[in-house]
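Engineer: Here it is, the structure in full.
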Amino acid sequence: MSVAEDGEWAYRALRHGVAIAFVPEAAVSHLGWRDLGERLGQYQLYARSHAAFFGKYLRRGDLFIALRTIVHLARSSLRWVRGIVRHDEEVAANGKAYVTQLAPGLIAGLRSRARPPSL
C-alpha cells in the first residue's frame, strides 16, 4: 500500500509546470482517532512509502531527489534524537520510523516498475 500519493502527485505536477499555490487560509483538520500504537505503525507505513517515492525517482537519476533523500535522512535523525532528549515518545517514534524505513522503502522504489498515471 502506498500512502505518499499527495507528495508524489505534487512533485509530478511541479515537474510538469503546474503551479501550486500556498493558501494559508485553507486548513485541513484530521481527527486523531488512532491510539499511540496505531500511530506508530502508521508512521512506519508513511515512512516506507515516502522512501519508495524517493527510490522511484532515484532509479530515474533525479539528482534533486538524491539531495532531498540526504536532507530527509538528516532531518529524520534529528527528530529522533530531539524526541529522545525531550522525552517525547511520539516525536522520537516518528523520527525513528523515517530513519529505519528509509532503506527498505528506497529498495522497494528502486525495484518498482510502476508508472504513475498521467496528470
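Engineer: In degrees between 0 and 90, to the nearest 10, how far off the longest principal axis of the chain does helix 89-100 point, with axes built from Cα atoms?
Structural biologist: Roughly 40 degrees, rounded to the nearest 10.
Engineer: Looking at the chain as a GNM with Cα springs under 10 Å, which of LEU63, LEU40, LEU73 has the largest mean-square fluctuation?
Structural biologist: The residue that fluctuates most here is LEU63.
Engineer: Starting from the Cα of SER29, step 7 Å along the direction of its Cβ; do the same at GLN42; then give the gap between the two resulting points in nm.
Structural biologist: Placing both labels 7 Å along Cα→Cβ, they lie 1.6 nm apart.
Engineer: Hey, another quick one. What trypsin sites (Lys or Arg not before Pro) in the range 25-97 are in a loop by DSSP, with at most 13 other Cβ atoms within 10 Å of the Cβ? Write down the numbers at each step before the final one.
Structural biologist: Working: sites: ARG34, ARG39, ARG48, LYS56, ARG59, ARG60, ARG68, ARG75, ARG79, ARG82, ARG86, LYS96; in loops: ARG34, ARG60, ARG86.
Filter output for the range 25-97: ARG34, ARG60, ARG86.
Engineer: If the only charges are +1 at each Lys and Arg Cβ and -1 at each Asp and Glu Cβ, what is the size of the charge dipole of the chain around the Cα centre, to the nearest 20 debye? Intermediate results must be reported in sequence, preceding the final value.
Structural biologist: On the way: 17 positive and 10 negative charges, 129 e Å.
The calculated dipole for the chain is roughly 620 debye.
Engineer: First select every other residue whose beta carbon is under 14 angstrom from the beta carbon of VAL81; then total the charges, Lys and Arg +1, Asp and Glu -1.
Structural biologist: On the way: positive: ARG75, ARG79, ARG82, ARG86, LYS96; negative: ASP88, GLU89.
Taking every other residue near VAL81 into account, the sum is +3.
Engineer: With N denoting the number of residues in the range 5-111, provide Rg(C-alpha) divided by 2.2 N^0.38 Å, to two decimal places.
Structural biologist: Numbers: Rg = 15.3 Å, N = 107, 2.2 N^0.38 = 13.0 Å.
With N residues counted in the range 5-111, Rg over 2.2 N^0.38 Å equals 1.18.
Engineer: Let me ask you something else. Once you list every other residue whose beta carbon is under 12 Å from the beta carbon of GLY105, what net charge do they have if Lys and Arg are +1 and Asp and Glu are -1?
Structural biologist: On the way: positive: ARG48, LYS56, ARG111; negative: none.
Net charge in that neighbourhood comes out at +3.
Engineer: Report the net charge of residues surrounding LYS96, where surrounding means a beta-carbon distance below 15 angstrom and charges are Lys +1, Arg +1, Asp -1, Glu -1. Numbers along the way, then the final one.
Structural biologist: Numbers: positive: ARG39, ARG48, ARG75, ARG79, ARG82, ARG86; negative: ASP88, GLU89, GLU90.
Around LYS96, the surrounding residues sum to +3.
Engineer: When the helices in the chain are scored as -39500 (n - 2.57) per DSSP H run of 4 or longer and the sum is shared across all residues, what 222 nm value do you end up with, to the nearest 500 deg cm²/dmol?
Structural biologist: On the way: 5 runs with 80 residues, N = 119.
Dividing the helical sum by the residues of the chain leaves -22500 deg cm²/dmol.
Any read-out appearing in this document is the output of simple, stated calculations on the displayed coordinates, not a laboratory observation. This is a predicted model, so every value here is computed, not measured. Neighbour counts are summed over all protein chains in view; Cβ atoms, including those assigned to glycine, are modelled from backbone coordinates with ideal geometry.
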